[in-house]
Amino acid sequence: MKKLLSLCALLTGMLFTFSSCNNDDEPGNPGNNTPPQTVVEQFYSQFPNAQNVTWEAQASGYYTASFTTPEHPQGSTKAWFSNEGKWGMTHYEISFRQLPEAIRTAFSESTYGQSGSGWQVDDEVDVLQRNGTETLYVIEVQKKENGTETEVELYYTEAGILVKEIADSDPNDDYEGYLPQLPEGNIQAWLAASKYKDAKIVDMEREDNGTEVELVYEGRKVEIFFDRSQQWVYTKTEYGRKAQELVPANILAAVQASEEWQNGYNRIDDIDFYETQQAGNYYCFELEGAFDNDCKVYIDENGQQLTQRPNPGGNEGQGGVPVEGDIQSFIDTRYPGAVIVEKEYDHGLLEVEIRHDNREKTVKFNGSNEWVMTEWEVRTNELPTAVTSAIATNGYTLDDNEADYVETPDNLWYEVEVRQGRQEVKLYISPDGNILRTENDD
């Protein structure tokens, strides 16, 4: 085997020397798929049983090898190596039944794994083994409803922690965005001195306005945001809906005493805990109402409800919290002057909370970074006359002093909660008073 590897390396080196005579075909230049000898040597050192190997140079500066192995003779394995021969990531497929038991258990307990949910799970699962960071298992589920098919990718750690939930991802995505990134400078020093020093990083996102580090600590997903000078701004820990036992009794009592809870938003859908430099520490409870609509309640560490959303910080300039460039460009164009306050994935969509025109708005994007919708609250006295007239004409009376305004690429409407006798109803109604749909509280 050693003689075979040496021969492979020698032949590759000869090919590399010949190719280098042309300056336009040097390793690292677009269009050249011949890796440096150090890359080939490291590849065969790590994958000595690789067969049917093909190489491709990526614009990111990595070389990728696609190959088969005796462990995966049918499906292609793909590995990323830097120009210096440093391994970055390996992507391969396994069957759903080969998943670690912790992941299969977590999936079965999720919305997508419930019997009768309508979600169908793909038997092929993508595995992303990454240098120095968490291995991720990507389960794909599909659901057909009202003639529309939705696909969601669920990213689990080996311990069964769901760290990402992405709807309708780019079909051409090859996971290169999940190549491991390691913190540097002040961020590295801060993490090394914190309780998270031994935690594995799930993802890092660097944008002009700062850096967000995602990691797993004590079985929970943690997001830590640093400003552009690499100074800590806030830490967000996701407790999830089933972690009420982690919340102090006085905090839960404050949530249940809130006006939102008393008005029917009395199911806890999610709990996040924020530690911030600017706004102190507080809990964010996402509550669900009768129509599966939701609202957020903020409680500080002393058990006092906060009257408005705290600003965790990081809102430097116009950009605020960092998002990918095309999302930032869309927000800058459609909502000029908006500041991004927060972002999170919910039900597979990226929800970006912004402040625009003195309102808080939620802008939602799918996994291909395509705009799906924007919604924000309005007072019912702001409803157009055509809307209030249509409500009265159809025998309804307003049941709340707030409504939601929704805009999508194809349509605009208001979501208004009304009553008709004892029946609670939500109306979906266009600005010109056309009732698009009704939803009863069953």
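The values are calculated or read from the model by the stated rules, or taken from the named source; none is laboratory data. Bear in mind that the values here come from a model prediction, so they are computed numbers and not experimental data. Glycine also receives a Cβ, built like all others from the backbone with ideal geometry; neighbour counts cover every protein chain displayed. Calculation scope for accessible area: heavy atoms of the full protein, side chains included, ligands and nucleic acids excluded. Shrake-Rupley method; radii C 1.70, N 1.55, O 1.52, S 1.80 Å.
For Asp123 and Ser194, the difference between the fully extended length at 0.36 nm per residue and the C-alpha to C-alpha distance is 21.6 nm.
Counting only alpha carbon atoms, the long axis of helix 37-46 and the longest principal axis of the chain meet at about 70°. For segment 79-91, 3J(HN,Hα) computed residue by residue from phi via the Karplus equation (6.51, -1.76, 1.60; θ = phi - 60°) reads 10, 9, 9, 6, 4, 7, x, 7, 5, x, 7, 10, 10 Hz, glycine and proline entered as x. For Trp261, the solvent-accessible surface with a 1.4 Å probe is about 50 Å², rounded to the nearest 10. Full extension of the chain between Gln230 and Asn263 gives 7.7 nm of extra length, using 0.36 nm per residue less the Cα-Cα distance.
Separation of the alpha carbons by more than 26 angstrom is noted, of Lys164/Lys426; Lys78/Lys200; Lys200/Lys364; Lys78/Lys143, for Lys164/Lys426; Lys200/Lys364; Lys78/Lys143. Share of carbon and sulfur in the accessible area of segment 105-241 stands at 39%, probe radius 1.4 Å. For the chain, the relative contact order works out to 7 percent when only alpha carbon pairs closer than 8 Å and six or more residues apart are counted. Per-residue extension of 0.36 nm, minus the Cα-Cα distance of Lys143 and Asp400, leaves a gain of 89.2 nm for this segment.
Tell me, what is a quarter of the convex hull surface for the C-alpha atoms of segment 314-427, in nm² with one decimal?
Details: hull surface 33.4 nm².
Its average projected convex-hull area is 8.3 nm².
Tell me, what is the percent relative contact order of segment 98-256, built from C-alpha pairs under 8 Å that lie six or more residues apart? Normalised by residue count, the contact order of segment 98-256 is 13 percent. A crude spin-label estimate for the pair Arg206 and Glu84, with each label 7 Å from Cα along the Cβ direction, gives 1.4 nm. As a length-normalised measure over Cα pairs under 8 Å and 6 or more apart, the relative contact order of segment 76-137 settles at 35 percent.
Just the accessible area per residue of the chain, please: how many Å² with a 1.4 Å probe?
Numbers: 22430 Å² over 442 residues.
That works out to 51 Å² per residue.
When +1 charges are put on Lys and Arg Cβ atoms and -1 charges on Asp and Glu Cβ atoms, the dipole computed for segment 282-405 relative to its Cα centre reaches about 380 debye. Taking square-rooted eigenvalues a ≥ b ≥ c of the alpha carbon gyration tensor, is segment 242-397 rounded, prolate or oblate, where a/c under 1.5 means rounded and, failing that, a/b exceeding b/c means prolate? Judged from the Cα gyration tensor, segment 242-397 comes out oblate (a/c at least 1.5, b/c at or above a/b). Stokes-Einstein, applied to the Kirkwood radius of the chain over Cα pairs at a viscosity of 1.306 mPa s and 10 °C, places its translational diffusion at 64 µm² s⁻¹. In this simple spin-label approximation, Thr393 and Asn52 carry label points 7 Å from Cα along the Cα→Cβ vector, and these lie 6.5 nm apart.
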